[in-house]
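Just below is one structure, and these are the notes that go with it.
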Amino acid sequence: MNRVLILTFVGLAVLSCQRNPLKVDVSDINLELIFKNYEDDLFAPTENLEEKVAGLQEEYGTFFNLFNRHIIGIGGPEEENFYPQLQAFLSDTMIVNLKLEADQRIDKARLKRDFTKAFKHYRYYFPGKVVPAVYTCISGLNESVVLADSLIGISLDKYLGADFDYYPRLGLPAYKIRNMHPQKIVPDALYFWAMTEYPISVQASKVIESMIYEGSLLYFVDAMQPEVHDSLKIGYTHKQLQYCETSEAAMWAYLAEHNLLFSTKQMDIKRYVDDGPYTSSFTTDSPGRVGAWLGWQIVRSYMKKNPEVTLKQLMENKDYLSILNQSSYQPG
């Protein structure tokens, strides 16, 4: 009997250690997410474009101005060439095809559910903050995600799938195309929303500081989507993720031994934090952004070591070196 009890206790202890503390219950959180498909209203047939524009302006407000002025760059209705340019946009063959492809390839109902679930987590961790409205659109392959005060805009035509033939024809690199698929929409939006809400410290000048800041953004996505696989959050293939996991200690040692962690050279920061086909210091099997991935592991270690620290406190903490020091990070 004692042996059985001991084995049961050990089993429970293992399960407890493996439990993801970010998998919180948000089922009781009420959230009516504002989620609107601008492209459906914009491309709806009409005999009077000016009436349509007036309706869109009233319905969409800030996003209407953001879309016209900053996403497709045609200005506002008061400007002389606005209506001819808008008509040209609506009748452009490529734009029309992008709209048709988005309708076929992207499940907007599922997208709304995924955003709603993610922002229920956001309300759980940040109850005092405004949940942004989410607007989808067809941008003509402009910015993937645009942000303004209390809203997120998503260009659906930037997420039509790695097999969408327009992307290579436009000369986009393969490592970018790989992540231009519908499942990447919500993680991307959450990442950029966190970046807007919690910008990097203006004092941050070292490679390690940018690494840990990037790690905090990825940890934010962890908290919003705890059931989503790491490969999707950071945009790696499973092979690339496996490379990072098996090479973690070696990559960290390389950065330390070559005095790169505390380098203030912008080229070093870009080399290890920015996206790319691979990281030039390592093999071509490595992904880009290995510095961000390492920073992510440091932040995870910090949060595990300091369970009293809230997500809000983490995101507001701009003393990145203190996070490193308190993380007890030991790769490998």
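Listed by position, the helices (runs of 4 or more DSSP H) enclosed by region 230-294 that each have at least 3 residues that are more than 25 Å from Ile185 (Cβ to Cβ) and touching a Phe, Trp or Tyr at 6+ places or on another chain (Cβ under 8 Å) are 238-257.
Condition check ((1) among the β-branched types (Val, Ile, Thr); (2) in contact with a Leu (Cβ under 9 Å, 6 or more places away or on another chain)) across all residues:
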site: Gln240; (1), (2): no, no
site: Glu248; (1), (2): no, yes
site: Met251; (1), (2): no, yes
site: Pro277; (1), (2): no, no
site: Lys304; (1), (2): no, no
site: Val309; (1), (2): yes, no
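Summed over region 82-136, residues that are at pLDDT 95 or above, of a type in the set (Gly, Ala, Ser) and surrounded by fewer than 17 Cβ atoms within 10 Å (Cβ to Cβ) total 3. Screening Pro199 with (1) in contact with a helix residue (DSSP H, G or I) (Cβ under 6 Å, 6 or more places away or on another chain); (2) within 19 Å of Phe126 (Cβ to Cβ); (3) not charged (D, E, K, R) gives one miss only, at (1).
If the condition is being touching a residue at least 60 places away in the same chain (Cβ under 8 Å) and of a type in the set (Gly, Ala, Ser), then region 102-120 contributes Ala102, Ala118. When Gly61, Gly76, Gly55 are checked against the criterion of being touching a Phe, Trp or Tyr at 6+ places or on another chain (Cβ under 7 Å) and either closer than 22 Å to Phe115 by Cα or at pLDDT 95 or above (or both), a single residue qualifies: Gly76.
How many residues are more than 24 Å from the chain's Cα centre (by Cα), outside any helix (DSSP H, G or I) and at negative phi when one looks only at region 314-332? Of the residues in that region, 3 qualify. Restricting attention to region 137-151 and to residues that are among the β-branched types (Val, Ile, Thr) and closer than 15 Å to Phe64 by Cβ, the residue that is modelled with the highest pLDDT turns out to be Ile138. Beta carbons closer than 7 Å, at least 6 apart along the sequence or on distinct chains, never pair a first residue in region 76-95 that is within 21 Å of Glu47 (Cβ to Cβ) with a second that is loosely packed, with under 11 Cβ neighbours inside 10 Å and β-branched (Val, Ile, Thr).
Out of all the residues in region 18-42, which are in a helix (DSSP H, G or I), surrounded by fewer than 17 Cβ atoms within 10 Å (Cβ to Cβ) and either in contact (Cβ under 8 Å) with a residue 60 or more places away in the chain or not assigned by TED's automatic domain parsing to the domain that holds Leu90 (or both)? Once the filter is applied, which keeps residues that are in a helix (DSSP H, G or I), surrounded by fewer than 17 Cβ atoms within 10 Å (Cβ to Cβ) and either in contact (Cβ under 8 Å) with a residue 60 or more places away in the chain or not assigned by TED's automatic domain parsing to the domain that holds Leu90 (or both), region 18-42 yields only Gln18.
Of the set (1) buried (at least 18 other Cβ atoms within 10 Å of the Cβ); (2) over 30 Å from Leu314 (Cβ atoms); (3) not acidic (Asp, Glu), all apply to Tyr219 but (2).
The values are calculated or read from the model by the stated rules, or taken from the named source; none is laboratory data. Fair warning: this is a prediction, and the values are worked out from it, not measured in the lab. A quick note on method: Cβ atoms are made from the backbone with ideal geometry, for glycine too, and the neighbour counts reach across all protein chains shown.
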